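Heads up: the structure comes next, in structure tokens.
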Amino acid sequence: MTNIENDTPVDDGATEEAAAAVATEAQDETAKLAEQIAALQQDLLYARAETQNVTRRKDKEIADAHAYASTKFARDILSVADNLGRALAALTAEQREDAAIKPLITGLEATERELLSVFERNGITRIAAIGLPLDPNQHQAMLEIPSDKAPGTIVQEMQAGYMMKDRLLRPAMVGVAKKAD
């Protein structure tokens, strides 16, 4: 409103109220924008964390794929090692001294040493069994044998078990002690 006589604005308090309303609206808008910024920053942090987790998982899967790529082949070759070991164990002392087959035995022993060397280079290790307590993560109990050893102690190994790095390739098949009757 203006005073007609001198065209000067009349202060009736309306401008102060309008200014206060504008200031309140600006504060509300600023608060809303601050909330949106905080939410976006939080979303960005979560997205970055998820990206890092995905990258870490991918790297672990790639490392595992490289480390354990030959697992199936290693399992298959274990039967060859078993048969070679059985062949050598079946030889009698008399056969080992026979000059006619001594070169064959020497060749079989060299083959077994080389096979075990290849296992070692590829992180394949034999699981210890005899005299140890049964570990269901590494041993498979096939039978109980009366013994003076503590019950649950492995007293016989029917088939060797093997690990590839930290993974089980094949459990050792064993006989465990039971209390003698």
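The values are calculated or read from the model by the stated rules, or taken from the named source; none is laboratory data. This is a predicted model, so every value here is computed, not measured. Virtual Cβ from ideal backbone geometry, glycine too; neighbours counted across all protein chains shown. The protein model used for the area step is the full one, side chains on, heavy atoms only, and it has no ligands, DNA or RNA in it. Shrake-Rupley method; radii C 1.70, N 1.55, O 1.52, S 1.80 Å.
Selection among PRO146, VAL176, ALA34 by position relative to the dipole of the chain gives PRO146 as farthest towards the positive end (Cβ unit charges, Cα centre). Using the Karplus relation 6.51 cos²θ - 1.76 cosθ + 1.60 with θ = phi - 60°, the per-residue 3J(HN,Hα) values for the range 109-120 come to 5, 5, 5, 5, 4, 5, 4, 5, 5, 5, 4, 4 Hz, with x marking Gly and Pro.
A Gaussian network model of the chain, with springs between Cα atoms under 10 Å, assigns the largest mean-square fluctuation among LEU115, LEU169, LEU33 to LEU33. Keeping to pairs on different chains or 8 or more places apart, tell me how many lysine pairs in the chain have Cα atoms under 17 Å apart. Here the count comes out as 4.
Percent antiparallel among DSSP beta bridges with both residues in the chain, to the nearest 5? Could you put the intermediate results ahead of the total?
On the way: 12 of 20 bridges.
If I count the DSSP bridges inside the chain, around 60 percent turn out antiparallel.
Overall size of the range 15-120 from C-alpha positions, given as principal axis extents largest first: 121, 16, 15 Å.
Projecting the Cα atoms of ALA47, ASN122, LEU104 onto the charge dipole of the chain, computed from C-beta unit charges around the Cα centre, puts LEU104 farthest toward the positive end.
For the range 81-181, the spread of Cα coordinates along the three principal axes comes to 49, 35, 16 Å, biggest extent given first.
How much accessible area per residue does the chain have, counting only protein heavy atoms and a probe of 1.4 Å, in square angstrom? Could the numbers behind the result be given before it?
Details: 13260 Å² over 181 residues.
Result: 73 Å² of accessible area for each residue.
When the chain is treated as a Gaussian network with alpha carbon springs shorter than 10 Å, the biggest mean-square fluctuation among ALA47, ALA141, ALA34 belongs to ALA34.
With both partners inside the range 122-179, how many of the DSSP beta bridges are antiparallel, as a percent to the nearest 5?
Working: 11 of 19 bridges.
Looking only at bridges with both residues in the range 122-179, the antiparallel portion is about 60 percent.
Near LEU132, the amide H atoms lying under 5 Å from its own belong to ILE154; only residues 5 or more places off or on other chains count, and H is placed 1.01 Å from N.
Along the axis of the charge dipole computed for the chain (Cβ charges of +1 for Lys and Arg, -1 for Asp and Glu, origin at the Cα centre), the listed residues GLN159, ALA87, LEU134 are led at the positive end by ALA87.
Rounded, prolate or oblate for the range 84-131? Axes are the square roots of the Cα gyration tensor eigenvalues, ordered a ≥ b ≥ c, and the cut-off for rounded is a/c under 1.5. In terms of gyration-tensor shape, oblate. Rolling a 1.4 Å probe over the protein heavy atoms of the chain, with every protein chain left in place, gives an accessible area that is 57 percent carbon and sulfur.
Report the Stokes-Einstein translational diffusion coefficient (µm² s⁻¹, integer) for the chain, Rh taken as the Kirkwood radius over Cα pairs, at 10 °C with viscosity 1.306 mPa s. The estimated diffusion coefficient comes to 66 µm²/s.
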